[in-house]
Amino acid sequence: MAILLGRSIVYENAPMISFWGACVGKKEGEGPFAEKFDKVFEDTTLGKQAWEESESELIKNAAEIALAKGKWTWADIDCIFAGDLLSQCIASSYAFAGVGVNYCGLYGACSTMALALINAANLIECGAAARTLATTGSHFCSSERQFRFPLEYGNQRAPTAQWTVTGAGAAILESGKNHNCKDKVRIRAARFGEITDLGVTDANNMGAAMAPVSVRIGYIKERK
Amino acid sequence: MKRKDYNTLVQSKAPASKLLLNFCKAFLVGGLICTLGQILFEIYGKLGADEDNAKLITSISLILISAVLTALSLYDKIAKFGGAGTLVPITGFANAVVSPALDNKPEGKILGTGVQMFSIAGPVIVYGVLAANLYGLIYYILKVLKVM
């Protein structure tokens, strides 16, 4: 079981990440983490008509890669925790339509992966699931449309503006008990943040808007 | 840390835009677009159009060029370099109408292209028309009062 230590959830059996999958678009594939990705899609449309469908396909690919590494099928997964940046989490919803697994859609924007991992770990730790999937994905082109400007619009990027990743990641979690956890990443503790608003209203500087909560919960230290 | 202190800190840390360089680029690109307009205007004049018509056809030509460049994904690349130089001329307005129309094509002809087409240019039209009406009203009042 898990216990509450201060504001943190501490997992007695520390669920482990058994296998994971990651796939990205062309730009990310040219970056410093290139060799860490399982699959790089040179064509960022992934052969789809709409960017939202491409994003869906990315998420599906990441999840299937993780499954294949563990030599599992969808029947071996008890619950999926997934989310993305689009309205109604539509990319992840369509990614897992028809796989026949319980699905929980999450929306945490930048924190979706952490949110998915915490939920997936909780379900395993309380014994209601043997194997859970935590996943998230985003696509530069669909995010531009959802939050910013059309792709062909000639706007200027502020120097502090972020660039949304075209990519998806998936992790399959199992209990840390009765499994060989050697060389596996384990989730020993987790903590949800609290809404910390220091009045940053610039949509082009999300880093500044998100940093205060990390200081509040002690994740990073405030410089005196 | 207080809200005010934090926002001061954020502003001091955020990298600033290179103003002088951006001004020069905007001047160059905006000037080139206007020069192109002038060249077209002269050509139409030589081809026999009177001044009013030549002005009109010049605007239409610039809008067409901008729309085609937007559709070819070239306009945003020019804009990345030119900044306000591509935004201020009529070509920028055409780009603002064509780009959301293209981007929202998968949503359908009415709910996608039709609804979203003026999502960026809409406010410009709304306040443009409002300003024109106000200007007209003031002009009329001044005329009635025989000030003008």
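The DSSP beta bridges internal to chain A are antiparallel in roughly 70% of cases.
Over region B:15-148, the pair-distance histogram of Cα-Cα distances with 5 Å bins from zero comes to 2, 10, 13, 15, 15, 16, 13, 9, 5, 2, 1, 0 percent, rounded to whole numbers. Rg/Rh for region A:2-189 (Cα atoms only, Rh after Kirkwood) is 1.00. For the residue pairs A:Lys36/A:Lys184; A:Lys221/B:Lys2; A:Lys184/A:Lys221; A:Lys26/A:Lys48; A:Lys26/B:Lys105; A:Lys69/A:Lys182, the alpha carbons lie more than 18 Å apart in A:Lys184/A:Lys221; A:Lys26/B:Lys105.
If exposed means no more than 13 neighbouring beta carbons inside 10 Å and the site is in a DSSP loop, what's the longest run of chain A without any exposed GluC sites (Glu not before Pro)? Spell out each step's value before the answer.
On the way: sites that count: A:Glu12, A:Glu30, A:Glu42, A:Glu194, A:Glu222.
Here the longest segment lacking exposed loop sites spans A:43-193.
Here region A:81-195 is treated as a sphere whose radius is the Kirkwood value from Cα pairs; by Stokes-Einstein at 4 °C and 1.567 mPa s it diffuses with a coefficient of 81 µm²/s. Each residue of region A:189-206 was assigned a 3J(HN,Hα) from its phi angle through the Karplus curve 6.51 cos²θ - 1.76 cosθ + 1.60 (θ = phi - 60°); the sequence is 8, 8, 8, 7, x, 10, 5, 10, 10, 9, x, 7, 10, 7, 5, 8, 9, 6 Hz, with glycine and proline shown as x.
Listed values for region B:16-30 are Karplus-derived 3J(HN,Hα) couplings in whole Hz (6.51 cos²θ - 1.76 cosθ + 1.60, θ = phi - 60°), namely 8, 5, 7, 4, 4, 4, 4, 4, 4, 4, 4, 4, 5, 5, x, and x replaces Gly and Pro.
What residue among A:Ala168, A:Ala63, A:Ala75 has the largest mean-square fluctuation in a Gaussian network model of chain A, using Cα springs under 10 Å? Maximum fluctuation in the GNM of chain A, among the listed residues, is at A:Ala75. Between A:Ser92, A:Ser138, A:Ser18, the GNM of chain A built on Cα springs shorter than 10 angstrom shows A:Ser18 fluctuating the most. For region A:26-89, the alpha-carbon radius of gyration amounts to 1.26 times the rule-of-thumb value 2.2 N^0.38 Å expected for a compact globular protein. Sparse packing (at most 15 other Cβ atoms within 10 Å of the Cβ) combined with a DSSP loop state is found for the following chymotrypsin sites (Phe, Trp or Tyr not before Pro) in region A:29-108: A:Phe33, A:Tyr107.
Calculate the all-directions average of the projected area of the protein assembly as shown's alpha-carbon convex hull, and give it in nm². Its Cα hull, projected and averaged over all orientations, spans 27.4 nm².
Taking the number of other C-beta atoms within 10 Å as the exposure measure, put A:Asp197, B:Asp103, A:Asp183, B:Asp76 in order starting with the fewest. Mind showing how you got there, number by number?
Numbers: A:Asp197 10, B:Asp103 22, A:Asp183 6, B:Asp76 19.
Lowest to highest Cβ neighbour count: A:Asp183, A:Asp197, B:Asp76, B:Asp103.
Using a Gaussian network model of chain A in which every pair of alpha carbons under 10 angstrom is joined by a spring, one finds that among A:Met16, A:Met113, A:Met206 the greatest mean-square fluctuation is at A:Met206. If you look at the Cα atoms of region B:1-84, you get an Rg and a Dmax of 20.2, 70 Å. By the Kirkwood approach, averaging reciprocal distances over each pair of separate Cα atoms, region B:47-93 gets a hydrodynamic radius of 11.5 Å.
None of the figures in this text is laboratory data; all of them are computed from the coordinates on show. Quick caveat: nothing in here was measured; it's all calculated off a predicted structure. Neighbour counts are summed over all protein chains in view; Cβ atoms, including those assigned to glycine, are modelled from backbone coordinates with ideal geometry.
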